[in-house]
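Comments concern the structure below.
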Amino acid sequence: MSQLQQYAILFGLTVGTLGLVLSLYALARAIGKTRKEPGKDVPATAGQLSRDPVWVRYHARYTTFALLFLAFDMEMAFMYPWAVVYKEEGLVALLDMGVFLAILFLGLLYGWSQSALKRQ
């Protein structure tokens with residue numbers, strides 16, 4: 001299969017996908033009726049009307065929660081491919097992952113020492 005044929009298949013799939021999405025959107029607009037309901041325009045939290053305005057500022061302490069979440073989320077993203085190549089690489093891969101986890105653990109200890117894990 002030549003490179004031109006591969007691009008033609010990719011272009012056809014892209015056009016087909018866009019056509020499907022647009023046709024489903026047009027079908028939903030044609031069949032579905034829109035109703036104006038006053039409750040749709042009001043911001044709600046878990047089914048209850050919100051007391052606070054929509055554009056509230058979050059406290060700066062939430063950034064530490066977000067950074068800790070990202071750190072451990074990335075840990076999982078790196079551990080899956082590592083588990084795949086662990087058999088081939090052996091001890092070198094084990095040491096590399098040990099260093100990576102040690103650095104993350106130091107970050108966790110730092111967050112713990114700064115009371116970032118305390119619920120307020």
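Read-outs: derived from the displayed coordinates by stated rules, not from any lab. Small disclaimer: the values here were computed from a predicted structure and weren't measured. Reconstructed Cβ throughout: ideal geometry from the backbone, glycine too, with neighbour counts over all protein chains shown.
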Segment Met79-Thr17, extension gain: residue separation times 0.36 nm, minus the distance between their alpha carbons:
19.0 nm
For a quick protection proxy, order the peptides 88-96, 26-34 by their average other-Cβ count within 10 Å, most packed first.
88-96, 26-34
Distance between modelled label sites at Ala8 and Leu109, nm, 7 Å Cα→Cβ extension:
6.2 nm
Prolate/oblate/rounded label for region 58-120 (Cα gyration tensor, a/c 1.5)
prolate
